[in-house]
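Written below as structure tokens is the structure these notes are about.
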């Protein structure tokens, strides 16, 4: 267990966010109940899910890379831990039934997703916590804020070719090497360590992971509400995005509605931005709609496939289709699943 994991057991360094359902227990218990809890929260998009592991967290993080996975807290810090997460309901074995602000459900009593969905309070009954609004440190140390599409085009010096690289297995298609002079767009940070196309000019992300000390790409966040806390963490770690950063929901005109509980993935937003920049050519790979036969990521057949709750293939395809229909340049799609899905509509 890492030092950060140990701190999280004391209720420190916990991710902030909206009201939370916690699924806790051993890896086997979490695996057994995850499909039911996931199905319930797809009906209740105002909630997020935290998986709390009674044991090692590494295996669960590999299997559920799109979920928040934390270690179960020390017993004396359980109440503090629940408050910091804004936990509404804790689902777990009876030995975790300790007092705290969250309700408790014995994991042996959870039978259906509908049962769980109806147990959760309606949106108006949820606690209201102020969102992150501090901007002083970000404005002072966060690098150059890019406030518009024109500003991003200027920052990138109007590239002729843009490679849009998602994280699916097709992201390592060897034909990408034919476009060595292209501007490289990537998604999140889990491609690091693979040794393939690791020098992006732009990263589209909503993950709190820090960039490596050698990497200073432009960082693009879907919304300011998501991006500001992450930027603050970058600054505290002395790794600000000196190349610049952007919040897509503050671009005018907006490419799509980012205010709802379900929004396009960062990969779909990446393609839409690339098309809006009007290069001569866009090359797309790694956008496999989480359905590639080789797994979710290159060399990783363990990670659970499929879209996470706040995204869907329909939303992604609608945005990508609209963006590419309005794009006058050449489009090369190396992801078979995406190309076939777009052609079918």
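Just so it is clear, none of the values below were taken in a lab; they were calculated from the coordinates. From a predicted model like this one, the values you see are computed outputs, not experimental measurements. Positions of Cβ are backbone-derived with ideal geometry, glycine not excepted, and every protein chain shown enters the neighbour counts.
Residue 173 versus residue 291, label points 7 Å from Cα toward the beta carbon: distance in nm?
For residue 173 paired with residue 291, the spin-label model returns 1.7 nm.
Could you work out how far the C-alpha centroid of the stretch 65-83 sits from that of the stretch 17-51, in angstrom?
13
Could you work out the helix-only [θ] at 222 nm for the chain, with each DSSP H run of four or more residues adding -39,500 (n - 2.57) and the total divided by the number of residues, to the nearest 500 deg cm²/dmol?
Values: 11 runs with 103 residues, N = 345.
Helix-only estimate at 222 nm: -8500 deg cm²/dmol.
Which length gain, in nm to one decimal place, applies between residue 75 and residue 2 when the Cα-Cα distance is subtracted from 0.36 nm times their residue separation?
Taking residue 75 through residue 2 to full extension adds about 24.4 nm, to one decimal.
Under 8 Å for C-alpha pairs, at least 6 residues apart: give me the relative contact order for the chain, rounded to a whole percent.
Relative contact order of the chain: 16 percent.
Comparing 107, 167, 188, which has the greatest mean-square fluctuation in the GNM of the chain with Cα pairs linked when under 10 Å apart?
Judging by the Gaussian network model, the answer is 107.
Semi-axes of the equivalent ellipsoid of the chain: what are they in whole Å, largest first, if each equals the square root of 5 times a C-alpha gyration tensor eigenvalue?
On the way: eigenvalues 249, 103, 73 Å².
Taking √(5λ) for each eigenvalue gives 35, 23, 19 Å, largest first.
Among 254-265, 201-212, what's the highest-first ranking by average C-beta atoms within 10 angstrom per residue?
201-212, 254-265
Taking the alpha carbon gyration tensor of the stretch 3-121, what are the square roots of 5 times its eigenvalues, largest first, to the nearest whole Å? Don't skip to the end; give the middle numbers.
On the way: eigenvalues 79, 49, 39 Å².
The answer is 20, 16, 14 Å, longest axis first.
How would you rank 173-182, 44-53, highest first, on the average number of other Cβ atoms within 10 Å across their residues? Numbers along the way, then the final one.
Working: 173-182: 12.5, 44-53: 20.4.
Taking the mean over residues of other Cβ atoms within 10 Å, the ranking is 44-53, 173-182.
What is the stretch 200-345's relative contact order, in percent, from Cα pairs under 8 angstrom and six or more apart in sequence? List each step's numbers first, then the result.
Details: 192 pairs, mean separation 31.9, N = 146.
Rounded, it is 22 percent for the stretch 200-345.
Running Debye on the stretch 250-345 with equal point scatterers at the Cα sites and no solvent, what base-10 log of I(q)/I(0) appears at q = 0.25 Å⁻¹?
For the stretch 250-345 at q = 0.25 Å⁻¹, log10 I(q)/I(0) is -1.42.
Residues of the stretch 103-123 with the amide nitrogen closer than 15 Å to a label point 7 Å from the Cα of residue 46, along Cα-to-Cβ, please.
Once the point is set 7 Å along Cα→Cβ of residue 46, 117-123 turn out to lie under 15 Å by backbone N, inside the stretch 103-123.
Any chance you could run the full-extension gain for residue 154 through residue 325? It's 0.36 nm times the residue separation minus the Cα-Cα distance, nm to one decimal.
59.2 nm
Can you work out the PRE-style zone for residue 194? Point 7 Å along Cα to Cβ, and I want the residues of the stretch 288-323 with backbone N under 13 Å.
Under cut-off, by backbone N: 288-290, 292, 294-301.
Which stretch or stretches of the stretch 198-227 have amide N atoms under 16 Å from the point lying 7 Å from residue 303's Cα along the Cα→Cβ direction?
Residues 198, 204-210 qualify, since their backbone N sits under 16 Å from the label point.
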